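Notes for the one structure printed next.
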Amino acid sequence: MSIPAALAFDTSNYTTSCAVFDGTKGRNSGRLLDVRPGELGLRQSEALFSHVKRLPEIYSGLALNEPIIAVGASSKPRETEDSYMPCFLAGSTMGSVLAETLKVPFFTFSHQQGHIAAAAWSAGRPELLDQPHLAWHLSGGTTELLHVVKSGSAVHCTIIGGTQDVSAGQLIDRTGQLLKLAFPAGKAIDALSAQSIREECYSMKLNGLHFSLSGVEHKMKQKLEAGDNAEDVARFVLLSLISGVARITAKAREQYGNLPVLFSGGVASNSLLRERMPDGIFAQPAYSTDNALGAAILTYRAVTAHG
């Protein structure tokens, strides 16, 4: 007999996904949105249209056979009142309709809360959802250091640091664009960096727990114009980013105590970052990138907490 489970959807600006979680095991069905060669992402209207077209295929790919006790969805980027992104309407609307059809509760969470939940679970540290910790959300649109505490059956994330301009994912994708790599460029930049042994990085100035990556981007462009090879440039960009993350993490632990540090978001799947941050708690690569599993985990926690 199948174990009852929670179903959830996440339709970010990069990936269409749905997932199911039964309290112990989970699985995710997802696919990146199609981006035309040479472009850096999609407009919100294009992303929303793509999600609506693709959701039936992604839902079918989940091969659902569990009895569903609740449905959830990511409805906005963060859990603040002013946080909004139209593409999340695709998943939250489908989730709401399915919940009504199945006569089960419907819960919404932020995309960021889902990232934290998926990272903690896939790292084998689900107890972090009930404990204060620090978390990096490193993605194409977000590079934030968060102080995370339990909030009901979910978590509350307070931004305490991060970038003041370019995000980690934007820096990597802009580097990839100049190197004529496909979007998103994270995996290709990771692979290129492994072919270099150089240890050069850009030492950026810190502003409290914040830093800027525009200087790294400028230096990266100078290196390409000077004829540096792709492997060395890719490694330079990653080492510069990692240097900033490591320094900010150390400062945050001085202020907030020696809390566990969780890494989530697509950039957290980078192998060099994982190597250079040995004390970090990393999501499995498949659950570092955008996915619906975190929303499914939080939905399961919510419905079981309500009895």
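Since every read-out is calculated from the coordinates, none of them should be taken as a lab result. What you see is a predicted model, and the numbers here were worked out from it, not measured in a lab. Positions of Cβ are backbone-derived with ideal geometry, glycine not excepted, and every protein chain shown enters the neighbour counts.
Charge dipole of the stretch 171-307 (Cα centre as origin; +1 on each Lys and Arg Cβ, -1 on each Asp and Glu Cβ, all else neutral): 240 debye, rounded to the nearest 20.
When both bridge partners sit in the chain, DSSP labels roughly 60% of those beta bridges antiparallel. Hey, how many Å between the Cα centroid of the stretch 280-307 and the Cα centroid of the stretch 29-78? Rounded to whole Å, the Cα centres lie 16 Å apart. The lysine pair tally for the chain, using Cα distances under 24 Å and a gap of 8 or more places or different chains, is 16. Between ARG274 and ASP165, residue separation times 0.36 nm minus the direct Cα-Cα distance comes to 36.9 nm.
Charges were assigned to the Cβ only: +1 to each Lys and Arg, -1 to each Asp and Glu. The resulting dipole of the stretch 155-202 about its Cα centre is roughly 160 debye.
Could you identify which residue out of LEU239, LEU293, LEU259 has the top mean-square fluctuation in a GNM of the chain using Cα springs shorter than 10 Å? In the Gaussian network model the winner is LEU259. Label-to-label distance for ALA246 and ALA305 is 3.7 nm, based on points extended 7 Å past Cα in the beta-carbon direction.
Once the Cβ-Cβ distance of GLN255 and THR101 is raised to the sixth power relative to R0 = 51 Å, the FRET efficiency obtained is 0.60. Report the residues of the stretch 40-59 in range of a label on SER2: point 7 Å along Cα→C-beta, backbone N strictly under 18 Å from it. From the stretch 40-59, the list is 56-59.
The charge dipole of the chain, taken about the Cα centre with unit charges on the Cβ atoms of Lys, Arg (+1) and Asp, Glu (-1), comes to about 80 debye, rounded to the nearest 20. Taking every alpha-carbon pair under 8 Å whose residues sit at least 6 apart, the stretch 208-307 reaches a relative contact order of 21 percent.
Ranked from largest, the principal axis spans of the Cα set of the stretch 159-297 equal 44, 34, 26 Å. The base-10 log of I(q)/I(0) for the chain, evaluated at q = 0.16 Å⁻¹, reads -1.27 [Debye formula, identical scatterers on Cα atoms, solvent excluded]. Roughly what % of DSSP beta bridges within the stretch 127-274 run antiparallel, to the nearest 5? Bridges in the stretch 127-274 are about 75 percent antiparallel.
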